[in-house]
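The values are calculated or read from the model by the stated rules, or taken from the named source; none is laboratory data. This is a predicted model, so every value here is computed, not measured. Neighbour counts run over all protein chains shown; Cβ positions are idealised from the backbone, glycine included. SASA here: full protein model, heavy atoms, side chains in, ligands and nucleic acids out. Shrake-Rupley method; radii C 1.70, N 1.55, O 1.52, S 1.80 Å.
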Amino acid sequence: MIPPVAYFVIFKYLPMANAVLAFKNYNVIKGIWGSPWVGMKYFDLLFQNPAFKTLIVNTLYISFYHLAVSFPIPIILALALNEVKNVRFKKTVQMVTYAPYFISTVVMVSIVMLFLSPRLGIVNTIANALGFESVNYLGDPSLFRSVYVFSDVWQTMGYSAVIYLAALSGVDPSLYEAAKVDGASRFQKILNVDIPGIMPAAVIILILSVGNIMAVGFEKMYLLQNPLNLSTSEIISTYVYKIGLLNANYSFATAVGLFNSVINLVLLLVVNTIARRVSNTSLW
Amino acid sequence: MLIAKTQSGHAAGSVRRAIRESLGDRIFIAGTYIFLTVVLIAVLYPLVYILSSSISSPAAVSSGKVWLWPVDLTLDGYKAVFRNDQVISGYANSLFYTVFGTLISVALTIMIAYPLSRKSFFGRSPLMIFVTFTMLFSGGLIPTYLVVKSLGMIDTRWALLIPNAIWVWQVIIARTFFQSTIPDELSEAAEIDGCSDMRFLFSVIVPLAKPIIAVLALMYAVGQWNAYFDALIYLKSQSIYPLQLILRSILILNNGTGSIDAAEMVKRQQLAELMKYSLIVVASLPVLVIYPFVQRYFVQGMLIGSVKG
């Protein structure tokens with residue numbers, strides 16, 4: 001167990017210590033610890049930066065949009081699958097919806113680009129055939145967020161539904177019988193038996209998603225970005241990458257990243273506390 | 001006995017339901033089936049379309065004639081893919097990273113998850129906090145980059161194998177598995193027999209842990225095969241690029257084929273477009289082919305992971 005502990009120290013805790021870089025003026029020769037302290041300079045720089053507001057708004061907007069769509073859909077899918085008595089149909093739906101999860105981000109983004117291409121994409125070809133104008137989905141800042149969110153739903157809903165299906169299979173059968181005796185309709189049964197049954201799982205998943213809110217998929221976002229949609233697609237993590245690694249402005253990028261991590265941690269703690277008070281379910 | 005009982009119970013229940021099913025319920029069920037069919041088509045259609053396009057003629061694809069089934073069957077796209085040296089070397093590199101990365105990751109994960117699962121292990125809860133805290137807070141991109149840099153891993157194959165070797169989530173899954181399947185008494189018995197901890201780990205735990213090793217290996221392997229971000233930030237030489245990074249330059253940045261021959265231009269452009277579809281199929285195939293066989297392991301892994309503990 002020494003190697004894994006060393007791993008965590010070196011690759012997880014050392015970077016945390018390195019984050020003091022945010023309060024220093026990084027000098028390659030002097031190294032992290034030898035560089036002079038500059039206090040809150042880089043944070044001031046960040047807060048005064050006119051791009052800062054856009055970054056925050058973009059990050060939060062897309063995160064909450066993503067959460068609002070991708071949280072309920074797997075639940076609905078699982079509830080619907082749970083009603084299906086035809087085993088083969090159920091298995092087919094599950095297997096097909098699960099498959100896109102295994103497609104890599106790079107391939108996923110290129111699929112999105114191929115399908116939505118204004119000139120050759122199948123989406124616009126079909127739209128044209130039906131008499132609609134072509135739309136440049138990835139070039140339109142207002143449509144970008146929806147493309148991001150719904151392509152993600154397409155890829156992950158089947159995978160996310162598995163947890164809920166498991167929770168549903170664990171519901172006490174006597175509750176269903178009681179509901180039947182009471183003359184509950186299918187819909188009432190879902191409302192009064194199924195949904196309470198998956199509540200604990202749902203709360204945990206919700207907390208975890210909120211904990212990831214500031215970490216919206218850098219990978220996909222970065223790949224989907226283009227100069228036309230930058231006004232809504234530039235988020236904190238892509239900004240850190242560009243400023244830090246492409247422009248080698250280490251200290252400033254570290255400050256931005258640290259700000260992001262702290263907000264994230266605070267959000268997680270807040271949501272966890274609320275969940276514990278309201279539903280008695282929490283991460284710890 | 002018990003099974004037989006529940007089965008007959010279900011049968012009786014469904015007979016009764018068939019009689020009593022109200023109109024509202026039947027409409028509701030029909031709605032459910034329609035909804036699921038729509039979802040099924042929405043997920044399946046893009047996959048079929050990509051496959052069809054990849055074996056259709058370049059001209060048919062770019063003129064929009066393909067919308068479901070392939071038109072003018074050809075394997076030109078695949079030929080172009082396999083003639084591309086970058087793709088071949090990317091494929092070989094990705095295989096290397098997947099095999100060795102998975103070995104390293106699984107070994108490290110088990111080494112930390114096993115002690116964490118033992119109640120007798122001194123300092124268990126501080127260690128658990130030590131591990132899970134990294135899920136909540138991180139130093140960030142730049143500080144991590146600087147650590148990797150100071151270790152001299154930049155632009156070496158190590159950068160893809162080590163810095164991201166352990167996923168905390170996998171540690172939790174493995175720990176839960178050990179906790180629920182391997183009783184503490186087993187290690188006590190081994191201890192009395194004079195078995196060392198190392199020997200115990202290899203001759204008792206590892207054989208018992210085969211299912212969880214399969215789950216971990218699959219998840220790490222898929223992750224490693226699909227990863228591109230570490231390669232993007234840590235690698236500079238194209239000769240060690242994994243497939244995903246090569247894909248990015250061809251599929252997304254359009255840096256694949258370069259030709260200014262005016263007459264050939266249109267044809268080449270069409271072929272480049274077709275090649276993208278073939279490339280998508282080729283790159284996703286290894287994972288998608290094994291997926292039906294390993295699906296249950298994935299589900300199993302997710303379920304173990306979801307148990308709170």
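What to note about this one:
- Angle between chain A longest axis and helix A:50-70 axis [Cα atoms, degrees, rounded to 10]: 20
- Solvent-accessible area buried by pairing A with B, both sides, nearest 100 square angstrom, 1.4 angstrom probe: 7700
- With θ taken as phi - 60° and the Karplus curve 6.51 cos²θ - 1.76 cosθ + 1.60 applied, the whole-hertz 3J(HN,Hα) list for segment A:135-144 is 10, 8, 4, 7, x, 9, x, 6, 8, 3 Hz, x standing for glycine and proline.
- For A:Lys24, residues with placed amide H under 5 Å, excluding near neighbours: A:Val38
- Ellipticity at 222 nm from helices only: DSSP H runs of n ≥ 4 in the protein assembly as shown, each -39500 (n - 2.57), divided by the residue count, give -22500 deg cm²/dmol.
- Three-way shape label, segment A:23-279, alpha-carbon gyration tensor, a/c 1.5: oblate
- Solvent exposure of segment A:23-279, expressed per residue, is 46 Å² of accessible area, with all protein chains present and a 1.4 angstrom probe.
- Among complete DSSP H helices in chain B, those whose alpha-carbon atoms stretch at least 30 Å along the helix's long axis and whose mean Kyte-Doolittle hydropathy reaches -1.0 are B:23-54, B:85-117, B:262-306.
- Segment B:86-164 shape via C-alpha gyration tensor axes, a/c threshold 1.5: oblate
- With DNA, RNA and ligands ignored, accessible area of A:Glu234 (1.4 Å probe; Å², nearest 10): 30
- The residues of chain B expose, per residue, 51 Å² of accessible area to a 1.4 Å probe.
- Cα-based helix-to-principal-axis angle, A:105-116 vs chain A, degrees rounded to 10: 70
- Share of carbon and sulfur in the accessible area of chain A stands at 67%, probe radius 1.4 Å.
- Highest GNM mean-square fluctuation among A:Phe23, A:Phe102, A:Phe150, for chain A modelled with Cα contacts below 10 Å: A:Phe102.
- Counting heavy atoms of the protein chains alone, A:Lys220 has an accessible area of about 10 Å² for a 1.4 Å probe.
- Taking a ≥ b ≥ c as the square roots of the eigenvalues of the alpha-carbon gyration tensor, segment B:76-306 is classed prolate because a/c is 1.5 or more and a/b outweighs b/c.
- A simple spin-label model places pseudo-atoms 7 Å from Cα toward Cβ; at B:Met128 and B:Ile41 they are separated by 4.9 nm.
- When each of A:Lys242/B:Lys236; A:Lys220/B:Lys79; A:Lys53/A:Lys220; A:Lys220/B:Lys65 is checked by Cα-Cα distance, pairs over 18 Å: A:Lys220/B:Lys79; A:Lys53/A:Lys220; A:Lys220/B:Lys65
- Solvent accessible area, Å² - B:Asp193, 1.4 Å probe, full protein context: 130
- Between the helical axis of A:87-98 and the longest alpha-carbon principal axis of chain A there is an angle of about 10 degrees.
- Between segment B:90-124 and segment A:99-143, the alpha-carbon centres lie 39 Å apart.
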